[in-house]
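Student: One structure, as structure tokens, below. Some questions next.
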């Protein structure tokens, strides 16, 4: 099961990379990248699966519920921003910067906490 956990972790990281890369790339034309929606959904679902595997004791470390709760709230906010922004023709650079900033905060919490 450790291999499954590792694969899901890789998918989780790739999802966040898609969101961050799409937001930074979108700053050029103030447009949402279509890959950002796929990236955030991949990261969100993979994170929930990792939380389940860790909580059940099957694979991965025992999760810190407060940390995971904060990360989940940030991921849900980013998901909402990506969905709302994807429905618009153009978005502001601040909007994309907010998505990029929240993505970096989520990754920083994962690494530094």
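The values are calculated or read from the model by the stated rules, or taken from the named source; none is laboratory data. Because the structure is predicted, anything quoted here is derived from the model rather than measured. Cβ placement follows ideal geometry from the backbone for every residue including glycine, while neighbour counts extend to all protein chains displayed.
Student: Please list, ordered by first then second residue, the pairs with beta carbon atoms under 8 Å, 6 or more apart or interchain, first in the stretch 74-95 and under 15 Å from residue 40 (Cα atoms), second loosely packed, with under 14 Cβ neighbours inside 10 Å and at pLDDT below 95.
Tutor: Listed pairs, sorted by first residue: 86/34.
Student: So, of the residues in the stretch 103-113 that are surrounded by fewer than 19 Cβ atoms within 10 Å (Cβ to Cβ) and in contact (Cβ under 8 Å) with a residue 12 or more places away in the chain, which turns out to be farthest from the chain's Cα centre (by Cα)? Can you show your working first?
Tutor: The first filter runs over the stretch 103-113 and keeps only residues surrounded by fewer than 19 Cβ atoms within 10 Å (Cβ to Cβ), leaving 104-105, 107-113.
With the extra rule that they be in contact (Cβ under 8 Å) with a residue 12 or more places away in the chain, the set shrinks to 104-105, 107, 109-110, 113.
Details: 104: 9, 105: 10, 107: 8, 109: 12, 110: 11, 113: 17 Å.
Among residues in the stretch 103-113 that are surrounded by fewer than 19 Cβ atoms within 10 Å (Cβ to Cβ) and in contact (Cβ under 8 Å) with a residue 12 or more places away in the chain, the one farthest from the chain's Cα centre (by Cα) is 113.
Student: Report the residue count in the stretch 18-47 for those that are in a helix (DSSP H, G or I) and either in contact with a helix residue (DSSP H, G or I) (Cβ under 7 Å, 6 or more places away or on another chain) or within 17 Å of residue 76 (Cβ to Cβ) (or both). Don't jump to the end; show me each part of the working.
Tutor: Filtering the stretch 18-47 for residues in a helix (DSSP H, G or I) gives 18-26, 35-47.
Okay, now just the ones that are also either in contact with a helix residue (DSSP H, G or I) (Cβ under 7 Å, 6 or more places away or on another chain) or within 17 Å of residue 76 (Cβ to Cβ) (or both), so 18-20, 22-24, 26, 35-47.
Total satisfying the criteria: 20.
Student: Next question, about the same structure. Just checking, which of 68, 50 is surrounded by 14 or more Cβ atoms within 10 Å (Cβ to Cβ), free of Cβ contacts under 8 Å to residues at least 40 places away in the same chain, over 12 Å from the mean Cα position of the chain (by Cα) and assigned to a helix (DSSP H, G or I)?
Tutor: Going through 68, 50 in turn, the sole match is 68.
Student: Next question. Could you grab me the full set of residues in the stretch 1-34 that are free of Cβ contacts under 8 Å to residues at least 60 places away in the same chain, surrounded by 15 or more Cβ atoms within 10 Å (Cβ to Cβ) and closer than 16 Å to residue 83 by Cα?
Tutor: Listed by number, the residues that qualify are 15, 18, 22, 33.
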